[in-house]
Each structure stands twice: as structure tokens, then as C-alpha cells.
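S.K.: Structure provided below as C-alpha cells; questions to follow.
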Amino acid sequence: MPPLRHAFITGGSRGIGLSIAHLLARHSFRCTLVARSETALSAAVASLPSSQPRHKYIVGDVSKQSFWTSPVLGDALPRPTQKQQRGQIDVLVNCAGVSQEKVFARTSAEELQSVVATNLTGLMMGTRFLLRQGYIQGGGKGEREAELEDWAGGPFSPVIINVASLLGLKGGYGAAAYAASKAGVLGFTRALATETGSQGLRVNAIVPGYINTDMTSTGAIDRKSLLQKIPLQRFGNPEEIASAALFLTQNQYAHNCVINLDGGLSAV
């Protein structure tokens with residue numbers, strides 16, 4: 001029986017990240033979730049469907065360089081052997097992020113750095129670490145590649161999926177640093193895709209609009225006004241974003257693919 005494919009998901013303890021984990025787990029992936037709260041991570045892993053409970057979690061702050069070099073990360077991710085010729089991660093989902101609810105002129109330097117460090121710098125540091133250490137990589141025709149096949153029965157190529165935001169394209173009041181960080185995620189996606197495609201490693205992005213998560217449940221969000229602007233007149237659900245992640249995982253021609261899921265808001 002072939003080994004379960006492995007999905008490594010930052011920001012996987014709740015919201016979009018957890019919904020992606022649930023859907024991938026139902027499609028025979030084992031998941032490793034990363035977030036800062038061990039309580040939330042423990043509950044999240046316990047909620048994942050699996051006939052063989054091999055899901056794990058790693059507690060850490062992805063914005064810190066020290067996390068990406070910590071022993072706990074190495075213990076949770078055994079390095080690939082030369083025989084495998086394939087990394088231990090088949091799908092990397094960069095979903096960790098923090099929001100912002102303050103006009104730019106009143107935002108402190110520390111707040112600016114925190115938003116950018118988590119949403120963009122941490123994403124790049126983590127991706128670089130996993131690439132450098134061989135945890136996720138394309139190419140090679142070892143045993144693992146021969147065993148892993150996509151939903152159509154053909155060769156499976158690993159994929160990086162970066163979760164950006166509509167605000168990175170459209171902007172938003174009181175979210176200048178957040179918008180800048182998410183625009184950077186899209187730029188990073190396109191640039192990295194040009195470097196890794198020939199290696200058999202795909203890189204894609206999802207651009208959610210307003211989704212029903214903890215981030216959009218605060219009083220700072222004017223839901224009534226937004227609903228009037230969104231052509232579909234509703235917020236999206238995390239499960240709808242997860243279905244896009246599954247598509248990007250399964251479709252082996254999806255590379256430098258950016259999927260907007262915003263209910264049509266980007267068109268108005």
C-alpha cells in the first residue's frame with residue numbers, strides 16, 4: 001500500500017488552514033499543522049478525519065527565524081534519505097497570517113514589522129528552509145515518486161500553495177501593512193514559480209476575499225456595507241477556499257496559477 005501523501009500547513013489550527021487540512025485528510029493526506037497555540041493545534045489535529053491517525057502538529061511562530069532552525073522542527077520532520085530522492089512534504093500550504101485594523105499613520109513600527117514578518121517574511125523563510133533542507137522538492141524518480149500518483153493516475157508533482165488576500169490586489173481601509181504583505185505573497189509566488197517549474201515543483205496561490213473566519217468576525221468589519229458591494233452578496237466559507245487548494249494539489253498543470261475566490265468583489 002503506498003504511503004500517505006504529506007501536507008505541511010502553517011496557520012493550520014483554525015479557519016482556512018484547518019479547512020484545507022480537513023479536506024486533504026479526507027483525500028488520503030496525513031497533515032502536519034503549524035501554529036502558535038498548542039491548545040488550538042491539539043484540538044485541530046484531533047478533529048481531522050483519518051482511519052490511520054498519523055496527523056501531527058508543531059508549535060511555533062513562523063515569523064521567527066529561530067523556529068525554522070529549532071530541534072523540534074527537525075524531530076517532527078525526518079530528513080529524506082538518498083534512496084527516496086523526494087522530500088517528506090508533498091504539499092506545502094503557507095496559510096499563517098495576522099490581520100490589521102488600524103489606519104497606516106497610526107500604526108507603530110512594531111505593528112508594521114509584526115504583520116509583514118508573519119504574512120510575508122515568515123512565509124519566505126519557511127519556504128526557503130524547507131527547500132534548502134530537501135523537505136519539499138521536485139524531480140527524481142525514486143521509490144516515493146513511483147508510489148505517489150495524482151487523482152488521474154499519473155505522476156504526482158509536489159506543490160506549494162500560498163494563501164494571499166484580495167486586499168493584496170484591491171487594497172482596504174485600515175489595512176495598509178496587511179495589503180502590502182499579501183501583495184508581496186503574490187509577487188513571491190510568481191517569482192518562485194519561474195525558478196522551480198523546471199525542477200518539477202509547482203507553486204500556486206489562492207486569493208480569498210472576505211471569508212467567514214475569526215479575522216472577519218470582529219467589529220472592525222462593516223459586514224452590511226461589504227455585503228452590498230460583493231456581487232454574490234455573501235462572505236465565502238473556509239471550505240470553499242479548501243476546495244481550491246485541493247484543485248491546485250490535484251491538477252498537475254496548475255503552476256503559477258492564481259485563483260480568486262471573492263464572490264466577484266474584485267470585478268467591481
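S.K.: Please work out which residue is farthest from Gly209 (Cα to Cα), limiting yourself to region 162-194 and to residues that are without any contact (Cβ under 8 Å) to a residue 24 or more places away in the chain and surrounded by fewer than 21 Cβ atoms within 10 Å (Cβ to Cβ).
M.R.: It comes out as Ala191.
S.K.: Suppose we filter region 160-198 for residues that are farther than 15 Å from Thr127 by Cβ, of a type outside the set (Ser, Thr, Tyr) and not in a helix (DSSP H, G or I); how many remain?
M.R.: Of the residues in region 160-198, 5 are farther than 15 Å from Thr127 by Cβ, of a type outside the set (Ser, Thr, Tyr) and not in a helix (DSSP H, G or I).
The rows are residues; the columns are (1) under 25 Å from Leu186 (Cβ atoms); (2) at pLDDT below 95; (3) open to solvent by less than 70 Å² (accessible area, probe 1.4 Å); (4) out of contact with any strand residue (DSSP E or B) (no Cβ under 9 Å at 6 or more places or on another chain).
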{"residue": "Gln88", "(1), (2), (3), (4)": "no, yes, yes, no"}
{"residue": "Glu101", "(1), (2), (3), (4)": "yes, yes, no, yes"}
{"residue": "Gly126", "(1), (2), (3), (4)": "yes, no, yes, no"}
{"residue": "Gly154", "(1), (2), (3), (4)": "no, yes, yes, yes"}
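S.K.: Here is a follow-up. Suppose we keep only residues that are more than 28 Å from Val159 (Cα to Cα) and small (Gly, Ala, Ser) within region 181-237. Which one would you say is farthest from the chain's Cα centre (by Cα)?
M.R.: Ser225
S.K.: In region 34-85, which residue that is exposed (fewer than 14 other Cβ atoms within 10 Å of the Cβ) and among the acidic types (Asp, Glu) is modelled with the lowest pLDDT?
M.R.: Filtering first and then ranking leaves Asp75.
S.K.: I'd like the full set of residues that are among the aliphatic types (A, V, I, L, M), open to solvent by less than 30 Å² (accessible area, probe 1.4 Å), in a loop (DSSP other than H, G, I, E, B) and more than 27 Å from Leu48 (Cα to Cα), limited to region 218-268.
M.R.: Ile230
The values are calculated or read from the model by the stated rules, or taken from the named source; none is laboratory data. Model, not experiment: these values are computed from the prediction. Positions of Cβ are generated from backbone atoms using ideal geometry, with glycine treated the same way; all protein chains shown enter the neighbour counts. To get the accessible areas, we keep the full protein, side chains included, count just its heavy atoms, and leave off ligands, DNA and RNA. Shrake-Rupley method; radii C 1.70, N 1.55, O 1.52, S 1.80 Å.
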